[in-house]
Amino acid sequence: MDSAEHSQLPLSMPHRRSEMVLYLHEMASSDPRTLWSAQREKGLAAGIDEVFHFFFDDNDLDETDIGVTLLNHTEVAAIQHLKAALEIVLGSVGNGDDIAFTGHPMWQQVSAAASNALEQLAAQP
């Protein structure tokens with residue numbers, strides 16, 4: 001199937017896509033630490049650790065997720081680009097906290113990749 005055929009498929013896990021979109025909005029924001037802090041005040045788990053758990057531990061978000069969480073190869077590519085940007089910061093920061101990640105000079109690339117991924121997901125019918 002090509003990308004056009006994939007975009008016509010319903011997603012088997014749309015709730016996972018919704019969760020992914022929330023994480024993308026956080027990373028695309030001007031200061032995700034503010035959002036994460038507000039979520040923590042409400043007793044929710046939030047922060048860079050949850051981002052990594054979602055994008056690396058809990059989900060592959062690759063071609064195997066087309067029809068599950070992602071609609072097509074364009075979305076896969078956007079998410080893979082984001083994951084690559086996150087890995088670059090991780091390689092430099094290691095086991096750092098929210099401040100270490102969002103304060104890293106490469107965080108701008110993470111934020112831009114998250115914005116791009118949001119655009120790609122929104123562009124789908």
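Quick note: the coordinates plus some simple rules give every number you see, no bench work behind them. Note that the coordinates shown come from a computational prediction; the quantities given were computed from them, not determined experimentally. Positions of Cβ are backbone-derived with ideal geometry, glycine not excepted, and every protein chain shown enters the neighbour counts.
Hey, quick one: spin label on D57, modelled 7 Å out along Cα-Cβ, who in region 97-125 has an amide N within reach, i.e. under 19 Å?
Residues 97-102 fall inside that zone.
Where the only charges are on Cβ atoms (+1 Lys, Arg; -1 Asp, Glu), what is the dipole of region 12-122 about its Cα centre, to the nearest 20 debye?
About 240 debye.
Which order do the peptides 92-98, 104-110 take when ranked by the mean count of other beta-carbon atoms within 10 Å per residue, highest first?
104-110, 92-98
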